[in-house]
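For reference, the structure is listed below as structure tokens.
What follows draws every value from the coordinates through simple rules; no lab data is involved. What you see is a predicted model, and the numbers here were worked out from it, not measured in a lab. With ideal geometry, Cβ positions are generated from the backbone for all residues, glycine too; neighbour counts draw on all protein chains shown.
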Amino acid sequence: MRGGAAAAGALGLGACGVPAAYVAPGDRTAADRSAREHELDFANWPLYIDTDDSGRRRPTLDAFTRRTGIRVHYTEEINDNDEFFGKVSPSLMNHQSTDRDLIVISDWMCARFVRLGWVQEMDRGRQPHVARHLDPSLRDPAFDPGRRYTVPWQSGITGIAYNARKLGRTLHHVSELWDDDLKGRVTLLSGMDEAFALLLQGDGVDITRWTTDDFHRMCDRLAPRVRAGHIRRFTGNDYIKDLSSGDVLACQAYSGDVIQLQADNPDIRFLVPEEGAELWAESLMIPDRAAHKRNAERLIDYYYEPEVAAALAAWVNYVCPVPAARDVLAASKDKETAALAEDPLIFPDDATRRRLAIARDITARERPELARRWSGTTGV
């Protein structure tokens, strides 16, 4: 899950650390209207919240409104991290409201917002469920130590999906993507931030402390495979179509997508390679000058109640950032729902967790050089 002139300008300012783009802590808040306006504006990705059978109602949001009286204006407007950055950056860099109280973007982009001072620190005193139930493995990312500015909405694993029946064997390592019988039948993710960590892990690199030399060495190994046509193409989420059709036998993939694919095709497997895989999150943030900060904090904490987190996890099927939700699902009288508690792609077991790592984010100083190298290597 992921520009225009405004986006390019904002990206340039952020990458160069130009003071005009940075917002100091004292300029981030606006008068909070939560007490008199029982509402908030929440921007999220498509298909990233529970809905009823009609697809028109959102049960967990409706329950929040019944309990609190706070109406949530929910929009599915985020389709690409960079595109959304470009949409809101002119307001944020000019110390203006985005007309949004809560947003969800990928952690690598969250890192950019945090560095630029474009998000507000949350009051954990108002979020006891976050403090109690947030998965320990997600509590302390390098870009936001202690999660002062961000809270995971959902988490996931970037690993390898493959069709075990058509391939005729099981896979165990990233290096097996380069086997001769997979030439032209492999896809990788096109976005540098989505793709690089797993490829580094395949080279034996600790992604919590990777270096630019590691990145360039990985590209050196990838380039001849691109030229030889071993990699069919670099994709966004459309790898799902290639894998489902059989045009691709193995691909870099997100764990939540594979759970959905397996419902229709049990031959699809998801691999957390022996070398490891990347654990990532897409996180909730309250942008600068949000008009309903306290309401937003309240909604965030609501989704960290185990019963609510379980309802969301049962619908979206990504790694749940609330481990206590597992017991709620396990107690369900519905067998399919109860089975989700044992799914390692929603609640990774200890053996899987030992192979997962959160990648060090790409710094503003590193990004221009690495982006040029990635584009030159992959052609995207």
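Helices in the chain, meaning DSSP H runs of at least 4 residues, each add -39500 (n - 2.57). Divided by all residues, the mean residue ellipticity at 222 nm is -11000 deg cm²/dmol. Rg over Rh for the stretch 82-204 works out to 1.08, using Cα positions for both radii and the Kirkwood form for Rh.
Net length available on complete extension from L47 to D123 is 24.5 nm, with 0.36 nm assigned per residue and the Cα-Cα distance removed.
For the chain, the convex hull drawn through the C-alpha positions has a volume of 136 cubic angstrom per residue. Residues F64, F196, arranged from fewest to most other Cβ atoms within 10 angstrom of their Cβ, appear as F64, F196.
Would you kindly calculate the translational diffusion coefficient of the stretch 277-365, applying Stokes-Einstein with the Kirkwood radius from alpha carbon pairs, for 37 °C and a viscosity of 0.692 mPa s, and quote it in µm² s⁻¹ without decimals?
220 µm²/s
Rounded to whole Å and sorted largest first, what semi-axes of the equivalent ellipsoid does the C-alpha gyration tensor of the stretch 122-277 yield via the square root of 5 times each eigenvalue?
Each semi-axis is √(5λ); the values are 31, 20, 12 Å.
Give the calculated FRET efficiency between E342 and H172 to the nearest 0.05, with a Förster radius of 25 Å applied to their Cβ-Cβ distance.
Numbers: r = 22 Å, r/R0 = 0.88.
Efficiency for this residue pair is about 0.70.
Annotation: the antiparallel percentage among DSSP beta bridges lying fully within the chain is about 60.
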